[in-house]
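What follows is a single structure, written as structure tokens, with notes after it.
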Amino acid sequence: MVAPLKSLAVAALASTMLATTTLGALAGGVLRLDEVAVGEIDPAIASDYADSILMFNIYDTLVLPIQGGPGHAPHLAKSWEGDGTTFTFKLRDDVKFVSGNTMTAEDVVFSLDRMKAVGKGLSYLFANVDKAEAIDPTTVKFTLKTTYAPFVASLVRLPIVDKKVVMENLGEGEGEMKDWGTAYLTAHSAGTGAYKIVSHNPQEETVMEKNPDYFLGIPDPAPDTARLRYGLEAATVRTLIAQGEHDIASQWLPPEVIKALAGGGAQLLTESGTGAFYVKMNTTKPPMDDVNCRLAFSEAFDYGAAIKMIAVTDTVSQGAPSTGAIPVGMFGANPADQVLKRDLDAAKQHLAACKYKPEDFTLEISWIAEVPLEERFALLMQANYAELGVKSEIRKMPWALFAEQVSKPENTPHMSQLFVNAVTGDPDTLLYGMYHSSAAGTWQSPEYLNDAEVDKQLDAGRTATTPEGREEAYSALNARLMEIAPTIYGYDRQAVFAASDRVKVPALSDPSKAFGLDGMGFTFRLMEVAD
Amino acid sequence: MKRTFAILTANPLSLLGLILVFVVVFSAVFADFIAPFPEHSGAVVDFANFNKAPEWPYIFGTDLVGRDLFSRILYAYRISLILGVVVLAIAVPIGVTIGLVAGYLGGRTEYLLMRMTDVFLSVPPLVLAMAIMGVLKPTLANGMLAVTAMWWPWYTRLVYNITRGEKEEGYVLAAEVIGASRAHIIFREILPNCVPAIVTKMTLDMGFVILIASSLSFLGLGVQPPTPDLGSMVADGAKYLPDSWWLTIFPGLAILVAVFGFNLIGDALRDILGAEQ
Amino acid sequence: MKPLARLLAKRLVTSLIVLIGVSMLIFAIARIIPGDPARIALGPNATQEQIANLRAELHLDDNIVVQYGYFIADVARGDLGISLYTNRPVTADIAQYLPATLELVLVAGIMMVGIGLPLGIWSARWRGRAADNLIRLVSLLGVSAPSFVWAVILMLLFAFYLPLFPIAGRISDSYAIAPVSGFLLVDTLIHGDVRAFGNAAWHVVLPAFALALSGIGQAARLTRANMVETYDKPYIEMAQSYGFPARRIANHYAFRPSLIPSLTIIGLDFAAMLGNAFLVEAIFAWPGLSRYGVAVILRKDLNAIVGTVLIISATFLLVNIIVDLLIALLNPRIRYSQRPA
């Protein structure tokens, strides 16, 4: 009974589609994807996954990660040299902004200054940069305050903005630079990117179209128009894809929904290797200040059930079993077959050695309201620890509240669940922010860890200039982190995107084309969309 | 009272209401005995049986961590009823008192009290409760507080209108003439005349409080897991439509049944005790 | 018309007083929210210095009365501050999202009146018969479930299983309608694009109906109750005994007088839909003010919370004034007497 009605509806749909010649002439060539709200297009404010997708398409950076391998390739820069403290880049001279202005060293300097002055988003990555100077129109020199080996990697997070356009559009504000153009740049783009903004509504949708003058040229099969929609419900995305009205779902769909989509013929795209799921314990709050209690909770965590929970199909999962503090594939990671397992007896022994008795405390387990999967992990832990005789209560926290609460150790819950990624792809940006004592009390570091050995190895990791030296430092770090267990290392994360088969995304389906950087797989110019 | 009950049972619709409310209250009170899996109202996970469509022994299916939905709905009724009773028990006396005082005293007191009431009434109720829940920790007690804060003004309005009419009536004037105290006139003379309207509204409101509370928890501002709550169940389940339809449909119907039952009785009471307005 | 003008002036003044009260209430609520809005706004990696600067900029270190003073001064200039959630002026956000919500609520209001009133009239005319019982049962059912439950059920039935309606958004991607009023149903007609109008109307049906269902039930129940009451009046009985056609009696003699009390409640219900839109917008991905409101409340975005609540309350008051005026127009007795505000 359903089938004829369905075809009727499809016919009705088709007739409305046919009628639409106003803008829909290029019905093919449109890419539709979604992310959580809101989309932020100001490079100095952009921070999350949705923002990253926008940045990688409407702006360019000096370098790009090499597809399928470690290291970085020239992009806006032609070449560079550096010694760990100063880095000099030669720029291309044939790159034009969407405005028609030529990109020069001035723009690079301005982009860095602006990033640091506005001070939001990922600007912390550049806190260590003392200054950038334009030596000549195609040469720019960065001077760091202290040696930082992976500096080149952080440049993938410095979108280059059009200085002239921004200066012409300064908004209200105090001082010479007024608002640094934030009012303008949160609504317009001023980049060199392969795509330019057609319309932008931070809560609803950003529409982008090909930039015909892109300096690398854009292959024909790449989408002509991209629509990044925000805040769609899981059920909506699921139906839109099934009805051919949507192309790539966000990674935040629950595994069951991705499973249902895969069952209906959707392809599964993946992105992995840069992050993990962590349950972070506040080491300043009893009973978590006793390492034996922390070890007990680590051992009692049901790693197997967690892996089962995130499985999408027999072959694809939202994660791989964890082997330790560092995800497999990064410097210092343990071998992939040394997976962590639940050991209830060990947990009981540790708990017995802990100076706090289970009847004397109630654990507070938080979960981030925006990530429904975490509620299930919270329930899993509650059940796991009930087996140890430990009481716990679950607290749902919206992201913004969580990020604020963890700024004080006494407000930070016993257990915080977090997905953390290396924002530049380098292990330093994953681990330093989580475990260095100087970085305590941010959303990544609700452990409030203060351990001299950890600090030492983290510093060694960012100053060592050879791969061997870094491997050694991070291996030692991994061992120490397993010993003092500030965190339950849940699983190595893999983002899974359900997609219709009219799109081809090599960077998210072929490991030899993967960028190893979150969100960069969504470089639209490298995708193909069938008409 | 007996007569009212007799009329209630005579009408098929109000009889249906009585039955529904009885079923809801009974399931809430005796959840421990009826629920096939009473432990599923708490911290239990069973990943061997998660996300199962309705089948024996899970007649309403299981949720995403393998808990029996039927058992959880029974326990959720408990929360809903407690919430409804407590909210009304606090909101009604407050609202009624303010309404009586404003209506009887008049003048500046009336103006001040009624404008204050208007302030509360002119924020859409759900928005007010959301704002309050946004400030507080989402617990059952705070949820009740938020709903109460938006509920009392309706009783003030209702009682105020009645009082304004009643205070010109002969019996009130007579009491004033013989020098009865204000408190006596307000609570002993006027209040009894408001009771039928109040009772009717309370019965109807029992349903609406459940409804509003479920709306709050639908928005993520209700009681926290693992405590079962109908609104959150619908909200959480809606992500898994249409494949896991049982996650939303059964809790949704559960809300419908309870509210429908109270409304049927409230309707009948209104007919019996006289119009509300 | 003079008394009507006086009534309007009086209502406007009381509404303004109430609105000031609302602003104080919501301002107080917003400022006691735990958490540092400056820190939340600047994001997880801000330095102490940046936080201190923003706190100063937002006047967060002054006492609450002074803060309220700044706030009122800003509001008087039409400035509601910057939303920390979208990084845009709150007024810009509201201007963008409010029309979508109003459009949804207005269509739902039309459904409520257009379906609810006739149902109530029929029900009263066929009092005691099967049709009456059926209508009563259905309208009570409509009232008995929250709009989000209806939204889910309607979506499941008419967007998933029978894909007759779209499940999300206001209009299909293929239409690019430059906003004039923000109301798509109006803008499409301004641009003379009938197909786009049809498409937008097709999108609004399900969410509006989900939102209207409880209102339809409420309107039908009230109209029935009021008409039944008037049916018992002597002049109706007389008309009946003269053999006037039943339809004429229903429409002319019984309906008119019962319209007034129904309208009052419908006005209130209509306003309540502004709040219920919160639930329906979430499910149908309707880019309206309610969804924005939920998002900013969850993120403790003070300026946006205050702005959203103020605008919704103002709309709510405005609707009630319009309803009062309508009633006054319909009923001379009320027009000339003093209504309690």
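FYI, it's all coordinate maths here, none of it is from the lab. Since this is a predicted model, take the numbers as computed values, not measurements. Cβ: placed from backbone, ideal geometry, glycine included. Neighbour counts: every protein chain shown.
For the reader, a short list of remarks on this structure follows.
- Counting Cβ atoms of other protein chains within 10 Å of each residue's Cβ and taking the mean over peptide C:23-30 gives 3.
- In sequence order, calculated HN-Hα J values of segment B:93-101 (Karplus, 6.51, -1.76, 1.60; Hz; x Gly/Pro): x, 4, x, 5, 4, 4, x, 4, 4
- For segment C:138-208, averaging the sequence separation of C-alpha pairs within contact (under 8 Å, six or more residues apart) and dividing by the residue count gives a relative contact order of 32 percent.
- FRET E, pair B:ALA183, B:PHE33, Förster distance 60 Å, beta-carbon r, rounded to 0.05: 0.80
- Length-normalised contact order for chain A - Cα pairs under 8 Å, 6+ apart - percent: 20
- At most 11 other Cβ within 10 Å, DSSP loop - GluC sites (Glu not before Pro), segment A:149-198: A:GLU172, A:GLU174, A:GLU176
- Shape call, segment A:384-531: gyration tensor on alpha carbons, a/c limit 1.5: oblate
- Seen through its C-alpha gyration tensor, with square-root eigenvalues sorted a ≥ b ≥ c, segment B:116-235 comes out prolate because a/c lies at 1.5 or above while a/b is bigger than b/c.
- Dipole axis of segment A:118-276 (+1 Lys, Arg; -1 Asp, Glu on Cβ), positive-most option in A:GLY173, A:LEU125, A:TYR214: A:LEU125
- Considering only A:ALA266, A:ILE368, A:ALA105, the residue lying farthest towards the positive end of the dipole of chain A is A:ALA266, judged by Cα position with unit charges set on Cβ.
- Among C:GLY109, C:ASN133, C:LEU189 the positive-end extreme of the charge dipole of chain C (Cβ point charges): C:ASN133
- Within-14-Å neighbourhood charge of A:GLU204 [Cβ basis; K, R +1; D, E -1]: -2
- Prolate/oblate/rounded label for chain A (Cα gyration tensor, a/c 1.5): oblate
- Approximate spin-label separation A:GLU387-C:LEU60, in nm, with each point projected 7 Å along Cα-to-Cβ: 4.3
- Near the amide H of A:VAL161, within less than 5 Å, lie the amide hydrogens of A:SER111, all on another chain or at least 5 residues away, with H placed in the peptide plane.
- Across segment C:56-123, the mean sequence separation of Cα contacts (distance under 8 Å, 6 or more residues apart), normalised by length, yields a relative contact order of 13 percent.
- Between segment A:295-312 and segment C:196-220, the C-alpha centres lie 46 angstrom from each other.
- The dipole here belongs to chain C: it is taken about the Cα centre, uses +1 on the Cβ of Lys and Arg and -1 on the Cβ of Asp and Glu, and is about 1480 debye.
- When only the Cβ of Lys, Arg, Asp and Glu is charged (+1, +1, -1, -1), the dipole of segment A:182-326 relative to its Cα centre reaches about 240 debye.
- Whole-Hz ³J(HN,Hα) from phi, Karplus 6.51 cos²θ - 1.76 cosθ + 1.60, for segment A:515-522, glycine and proline x: 8, x, 9, 4, x, 6, x, 8
- Applying a DSSP loop filter and a limit of 11 other Cβ atoms within 10 Å to the trypsin sites (Lys or Arg not before Pro) in segment A:114-173 leaves A:LYS145.
- Violating pairs (Cα-Cα greater than 27 angstrom) within the set B:LYS2/B:LYS201; A:LYS285/A:LYS396; A:LYS141/A:LYS408: A:LYS141/A:LYS408
- Bridgeable lysines around A:LYS259 (alpha carbons under 21 Å apart, same-chain partners fewer than 8 residues away excluded): A:LYS308, A:LYS504, B:LYS52, B:LYS239.
- Amide hydrogen neighbours beyond the local backbone of A:HIS72, cut-off 5 Å, H modeled: A:ILE66
- Given charges at beta-carbon only (K, R positive; D, E negative), |dipole| of the protein assembly as shown in Debye: 4580
- Ranked A:SER407, A:SER189, criterion: other C-beta atoms within 10 Å, fewest first: A:SER407, A:SER189
- Projected over all directions and averaged, the alpha-carbon convex hull of segment C:205-321 occupies 8.9 nm².
- Under-5 Å amide H pairs with A:SER317, H placed in peptide plane, nonlocal only: A:VAL312
- Among the trypsin sites (Lys or Arg not before Pro) in segment C:93-202, those located in a DSSP loop and surrounded by at most 16 other Cβ atoms within 10 Å of their own Cβ are C:ARG127, C:ARG129.
- Calculated FRET value between C:ASP74 and A:SER438, using beta carbons and R₀ = 30 Å, to 0.05: 0.20
- Across segment C:224-239, computed HN-Hα scalar couplings (Karplus, 6.51 cos²θ - 1.76 cosθ + 1.60, θ = phi - 60°) run 4, 4, 5, 6, 4, 5, 6, 4, 7, 5, x, 5, 6, 4, 5, 4 Hz from first to last residue, x flagging Gly and Pro.
- Maximal additional length on extending the B:GLU176-B:ALA10 stretch stands at 55.5 nm, based on 0.36 nm per residue less the C-alpha distance.
- Legend: ranking of residues A:ASP459, A:ASP130, A:ASP162 from fewest to most surrounding C-beta atoms inside 10 Å; resulting order A:ASP130, A:ASP459, A:ASP162.
- The calculated FRET efficiency for the pair B:ILE82 and A:ALA336, based on their C-beta separation and a Förster distance of 56 Å, comes to about 0.65.
- With neighbour counts taken as other beta-carbon atoms within 10 Å, the residues C:TRP202, C:TRP150 rank, fewest first, as C:TRP202, C:TRP150.
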